[in-house]
Amino acid sequence: MEEKAGAKAGWGSHKDPSCLFCKIVAGEIPAQLVDEGDYHVAFRDINPQAPTHILVIPKSHRRDITQYDEPQQLGELFRAASTIAAKEGLTNGFRLVVNTGDDGGQTVHHLHVHVLGGRIMTWPPG
Ligand code: AMP
Ligand code: ZN
């Protein structure tokens, strides 16, 4: 089911009008929401790489993790990711991924934590 995230303020409420994930936060682009808090939204990845593949993003735009000076809010993002993994039933483990910059393979330049699970992960990643 597609839902709108709604735009709740948080972390200074930065918004980049050209940013895809800011548009999802604002409800301008539909997404399959799985969780929402004061500072984050979580939705299913449109191109899942595992049976469970969810993106957890801050509502306030930051290009990537290097742009954060707020450890508490960053901690809440990861706590949300962990709680979502539990809700998804990933009791045997899961993987959190934060691709950063070009060499990190980041394609959407709004910070996001991938929650991947439901299959056995390999190492090293590609
Ligand atoms: P990254 O490569 O780490 O920047 O990850 C970006 C992720 O966003 C990819 O896994 C895409 O499949 C996903 N993605 C792109 N557009 C959408 C969208 N409209 N809804 C949900 N996920 C998306
Ligand atoms: Zn954004």
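Which residue, of 34, 25, 56, is touching a helix residue (DSSP H, G or I) at 6+ places or on another chain (Cβ under 8 Å), touching a residue at least 24 places away in the same chain (Cβ under 8 Å) and open to solvent by less than 40 Å² (accessible area, probe 1.4 Å)?
Answer to the check: 56.
Answer yes if at least one residue in the range 74-85 is β-branched (Val, Ile, Thr) and crowded, with 18+ Cβ neighbours inside 10 Å, and no otherwise.
Yes, that holds for at least one residue.
Within the range 88-107, how many residues are on the phi < 0 side of the Ramachandran plot and surrounded by fewer than 13 Cβ atoms within 10 Å (Cβ to Cβ)?
The total comes to 6.
Has the range 57-68 got at least one residue that is part of a strand (DSSP E or B) and either within 12 Å of ligand 1 (Cβ to nearest atom) or more than 19 Å from residue 14 (Cα to Cα) (or both)?
yes
The values are calculated or read from the model by the stated rules, or taken from the named source; none is laboratory data. Since the structure is predicted, the reported quantities are computational estimates derived from the model, not experimental observations. Cβ: placed from backbone, ideal geometry, glycine included. Neighbour counts: every protein chain shown. Side chains are part of the model used for accessible areas, which takes the heavy atoms of the whole protein and leaves out ligands, DNA and RNA. Shrake-Rupley method; radii C 1.70, N 1.55, O 1.52, S 1.80 Å.
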